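Everything below concerns the one structure shown next.
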């Protein structure tokens, strides 16, 4: 409702009277074709990428006869839970889930506490050796876990920590801790120092400012880092495989390997087991992937 | 922060510097860092030192029981360098890494470019798929692909036959190490694409729209815009992603191990597998360590490139 | 060199919001037209539609004699200078300048010749090997201009190129851009929110608001004959004083009642505005430019307003006095440029208004003084209070002939 009346428009008589409506239509058609094409391509890529995941879940719900069939059944119809019951009733399933949970909980709590302190130091202080420590953190990427297993095994056998959850927890620190330190210090750098300084002027101690000001503000970062640590610890295979010999002590990733034996592989229950193994990780990952800034290319670990 | 010139005489300023509070403040970072440093030292530092020392020792079952190795100097290294199998493994690992990294980077970037041009719904769909793939644990992923290429009932076999790519029924993908590695590469690249695609996409959205528009007005076609404007601006991200990919793909162990049922034939040995087998199957921990040390040395170049790039882009301050 | 024509151009965003509403504008060959208005008025959108960076919802845009609606930016043969310069950060100055020529496959020797010549004209020869990050703001701006010039396009489009420079540099660059445009005689469409820039640089200025073109005219005519309240309040700094008055007939003449004062309107003012007759007995808006107010002299019959001085700003060459008078200030924020009216000190009240008056630099007037302001009634502007449209003098032309 503008009460500003325009001046009589500049008399530019449209010379050729090509109606504007036609101009508009031609514009749209060319663009629409291209849009549709691109989106179709996107759909194709989507299908290719998601198919294996879909196939796992579909197989998990298919009855055995539909799985052991030369012609693939694209949809799990009729669907059944028998594979899941089979998987869950296998020896040590619940035990191994428990083991995984224990290990992961300890790893997350321990690493996050230690990493928080270290990240404080890196992001809020200037001191000799700061750069060296950063290089150390980044350099730990270079050391292959498969290589470290060798000396780790030897060391742990000396202190009788082979085949124990404690040993595994300690070893998981190898990769979870550097990553957590790096990620957390990135989050902390995002919080302006001025906030803590204002708190200190208002009467707080330095450490008090950390706890009362910084901690709440990096809480989302803490959550995200914990979840990332959780995922890394949950998914870990080779250390658990080498160091845990008893079925009663193993983790769920090792348990998954038990489906293959001399008689072949039970694909249905295996896919069910795989779905169950992946489930917590997928759920958490979807929760946090929006929060982690992708500038943290320093440590997002694949598998 | 600007500090006003103090009007207090110099003497009192100097005296303040040695107060207890200042000392505590100076020590604080070290105290905070200590636990992390200690753990990393214990769990990474010491084993790393041990790894190097082991590579100079003979350490078999006997020594394992004794908890003590025998010094052999460069003996282990001489052994592996003279072993033709070692060099085959090295070559295989290098080629494997090159193929995987190239495929991952090219496909990941292509998908990132695609995502940038998609409509909102499709973009959400594709990004969700990528996140799901990214979240899938390696152990799970390997098993899925094992199932898909199963000798008898694999859906991939059936589909390829239907599409007239040949007869893949009852085809054992792992009979030949070439096709076996093909499947392994598929698993790795499939799992690695999301990280690259999402990171590059994030980088793309940081390219200032104005630069693209300026290039378009200057007469550049889509390809030219990409090559002359987008690519150079994304160079830091590419370097980081490529070096990370090299570091990870060079170390690959789980995928090969699980895919081949924990019993890979020597044709499938990558350096990590070779080191592992030498140590834990053949019980020559010294030899295995030597192989591992060579691995670490080879990856050092990529690591240095990565660190240097992180410093340049200001990630490290 | 080509003319640019916008014919019934509109831009609609999702939800029906019209960023540009039926814009008709013609820029003749070699003419420098400035598109000016407050933020959100649609000027940048219009410019980007000419460039091809935004799709046109309705209407036609012609460059030369071609309708360019469906043409990609690269095919329109235009050059653009962006607000943030948009220099390729990883390329040297030379590479930045030569980029467009490379894209058009201009032969190497010719490329080099053109770039070196432009570099010489703009004073960039010593910087050809540097990267944008190593240049100052003014130097970057010149590189951005050079990149546009070296292409020898049919038209220049400029999107607030000076807004990132500091005040002094801006004044300097304004003159340089105007000079370059005159030398090259390239058709130029220039967008800015700064009305001072618009007035000093353009052959003609097009004022926009809310997507609608308010008036397009030479700067002087915009100043002397604003077509509506918005243009009147937008153009000119300090802004025009705007009051709500009652138009009365007093014997044979018309008078404006400002508060308790009657200002008699001279015969030829009324004569040239026959439409005023219709408003007798009604409220209208009256605009008085600060320079139309002066310290009253001896003549008791001269129209004057009496008020109390609130503030005197000494500007060196003149003084600006803020004077509180009895009268009704104009209270129609939807009709005027709100930003401009902020210069008036007092909050809007029922019976007092603040007038800005341009007084002599050595005026003896001080805050607290009661002062008589002489009103030059020949220079009053009149506006319809409902629509904001000027009650114009019949002979005032709306458009100017283009500069040949």
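Bear in mind that the values in this text are calculations on the coordinates, not laboratory data. Predicted, not measured: the structure shown is a model, and the values here were computed from it. Note that each Cβ is placed from the backbone with ideal geometry, even for glycine, and that neighbours are counted across all protein chains shown.
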Residues residue A:101 and residue B:88, FRET efficiency given R0 of 41 Å [Cβ-Cβ distance, rounded to 0.05]: 0.45
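How big is the Cα convex hull of the range C:237-281 in projection, averaged over all directions, in nm²? Spell out each step's value before the answer.
Values: hull surface 15.8 nm².
Mean projected area of the Cα convex hull: 4.0 nm².
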In terms of the ratio Rg/(2.2 N^0.38 Å) built on C-alpha atoms, what value belongs to chain C? 1.14
Does a label point 7 Å from the Cα of residue A:157, set along Cα-to-beta-carbon, have any residues of the range B:269-308 with amide nitrogen under 12 Å, and which are they? B:279-286
Among C:239, C:17, C:206, which one moves the most in a GNM of chain C with springs linking Cα atoms closer than 10 Å? C:17
Which three semi-axes in whole Å describe the equivalent ellipsoid of the range C:184-303, each the square root of 5 times a Cα gyration tensor eigenvalue, listed largest first? 33, 16, 13
Over what distance in Å are the Cα centres of the range A:47-113 and the range C:306-327 separated? 83
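Run the numbers on chain B and let me know its relative contact order in percent, using alpha-carbon pairs under 8 Å that are six or more apart.
So the answer I get is 25 percent.
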Looking at the range C:1-126, I'd like the Rg to Rh ratio, where Rg is from alpha-carbon atoms and Rh is Kirkwood's inverse mean 1/r. 1.03
Relative to the compact globular guide of 2.2 N^0.38 Å, what is the alpha carbon radius of gyration of the protein assembly as shown, as a ratio? 1.25
Summarise the long-distance tail of P(r) for the range C:62-172 by giving the % of C-alpha pairs beyond 22 Å. 33
Shielding by other protein chains, A:278-286, mean Cβ within 10 Å: 4
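Efficiency by 1/(1 + (r/R0)^6): what FRET value for residue A:38 and residue C:366, r their Cβ-Cβ distance, R0 = 51 Å, to the nearest 0.05?
0.10
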Expected integer from the mean partner chain Cβ neighbour count at 10 Å over B:143-155 is 6
For a quick check: sort C:49, A:188, C:208 by the number of other beta carbons within 10 angstrom, fewest at the front. A:188, C:49, C:208
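Provide, as a two-decimal number, the C-alpha radius of gyration of the range A:100-159 over 2.2 N^0.38 Å, N being how many residues it has.
On the way: Rg = 15.1 Å, N = 60, 2.2 N^0.38 = 10.4 Å.
The reported ratio for this selection is 1.45.
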The alpha-carbon center of the range B:164-178 and that of the range C:204-265 are separated, in whole Å, by 87
Extension reserve of the residue C:334-residue C:152 stretch, reckoned as 0.36 nm per residue once the Cα distance is removed: 61.3 nm
Which of A:62, C:11, B:79, C:108 comes first, and how do the rest follow, when ranked by fewest Cβ neighbours within 10 Å? C:108, B:79, C:11, A:62
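How high is the relative contact order of chain C, in percent, counting Cα pairs under 8 Å that sit 6 or more residues apart?
Reported relative contact order: 17 percent.
For the range A:92-261, how big is Rg over Rh, using alpha carbon atoms and the Kirkwood form of Rh?
Values: Rg = 18.8 Å, Rh = 17.6 Å.
That ratio equals 1.07.
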Debye-sum result for the range B:209-285 in log10 I(q)/I(0), which assumes one identical scatterer on each alpha carbon, at q = 0.13, 0.17, 0.21 Å⁻¹: -0.59, -0.72, -0.91
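Compute the projected area of the convex hull of the Cα atoms of the range A:228-278, averaged over all viewing directions, and report it in nm² to one decimal place.
Numbers: hull surface 15.9 nm².
Hull-based average projected area comes out at 4.0 nm².
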Can you pull the percent of Cα pairs in the range A:183-252 with separation above 21 Å? 49
Approximate spin-label separation residue B:311-residue B:167, in nm, with each point projected 7 Å along Cα-to-Cβ: 6.1
Order these by the 10 Å Cβ neighbour count, fewest first: A:94, B:147. A:94, B:147
For the range C:110-220, what is one quarter of the convex hull surface built on the Cα atoms, given in nm²? 8.0
Choice from B:163, B:304, B:233 with maximal GNM fluctuation in chain B (Cα, 10 Å cutoff): B:163
Treat the range B:86-211 as a sphere of radius equal to its Kirkwood radius over Cα pairs and apply Stokes-Einstein at 25 °C in a medium of 0.890 mPa s; give the translational diffusion coefficient in µm²/s, rounded to a whole number. 148
For the range A:92-261, what relative contact order do you get, as a whole percent, if you take Cα pairs closer than 8 Å and at least 6 residues apart? 43
Hey, got the average number of other protein chain Cβ atoms within 10 angstrom for residues in A:44-51? 6
For chain B, modelled as a Gaussian network with Cα springs under 10 Å, which listed residue fluctuates most, B:197, B:297, B:38? B:38
Report, in deg cm²/dmol and to the nearest 500, the calculated mean residue ellipticity at 222 nm for the protein assembly as shown, where each DSSP H run with n ≥ 4 adds -39500 (n - 2.57) and the sum is divided by the residue count. -16000 deg cm²/dmol
Square roots of five times the Cα gyration tensor eigenvalues for chain B, Å: 43, 37, 17
Computed over the Cα atoms of the range B:23-154, the Rg and Dmax in Å are 24.4, 72
